[in-house]
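Some notes on the structure that comes next.
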Amino acid sequence: MQTTTQRSGFKRIAMLATIVVGGLFSVASSALPVPPSGSGWLVYTYYGPAGRDDIERVVGMRYQGAGCPGPRPLDWGQQTAKFSWHYATCNNQN
């Protein structure tokens, strides 16, 4: 009787640990980078399905950040689950 109770307790702990680890992995993988401090842009490029030539298509872009002279770039297109990001610095040429 005691062995059965110990096994079911172990199964509960193992299942709970699996859920916790999965949740942490999910949160960590969805964490996005933060805009650069100071001046510059964090640029997200969103991709859609590949065409006949197996090249993924850019379907949208989004910009975060501030401090650059001039107008802010406009976000455009759609946001998808597949994206890349990079930092872009201001071109301060006086």
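The values are calculated or read from the model by the stated rules, or taken from the named source; none is laboratory data. Just so it is clear, the model here is predicted, and its values are computed rather than measured. Don't worry about glycine lacking a Cβ; one is built from the backbone with ideal geometry, like all the others, and counts go over all protein chains shown. Each accessible area value is taken on the protein alone, full model and side chains, heavy atoms only, with ligands, DNA and RNA left out. Shrake-Rupley method; radii C 1.70, N 1.55, O 1.52, S 1.80 Å.
What the table below lists for this structure:
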item: Matching residues, the stretch 43-91, being in contact with a Pro (Cβ under 6 Å, 6 or more places away or on another chain) and not aromatic (F, W, Y); result: Q64, G65
item: Residue match in the stretch 12-23 (condition: modelled with pLDDT under 85, touching a Phe, Trp or Tyr at 6+ places or on another chain (Cβ under 9 Å), open to solvent by 90 Å² or more (accessible area, probe 1.4 Å) and not in a strand (DSSP E or B)); result: no
item: Residue list for the stretch 47-78, filter: closer than 24 Å to T89 by Cβ, part of a strand (DSSP E or B) and hydrophobic (A, V, I, L, M, F, W, C); result: V58, M61, A66, W76
item: Search result, residues across the stretch 49-90 that are polar (S, T, N, Q), farther than 19 Å from S39 by Cβ and open to solvent by less than 100 Å² (accessible area, probe 1.4 Å); result: T80, S84
item: Counted residues, the stretch 38-48 - those being touching a Gly at 6+ places or on another chain (Cβ under 7 Å) and open to solvent by 40 Å² or more (accessible area, probe 1.4 Å); result: 2
item: Long-range neighbours under 9 Å by Cβ, at least six apart or interchain, first residue in contact (Cβ under 8 Å) with a residue 24 or more places away in the chain and among the hydroxyl-bearing types (S, T, Y) within the stretch 46-75, second open to solvent by less than 60 Å² (accessible area, probe 1.4 Å) and not in a strand (DSSP E or B); result: Y46/T80; Y47/T80
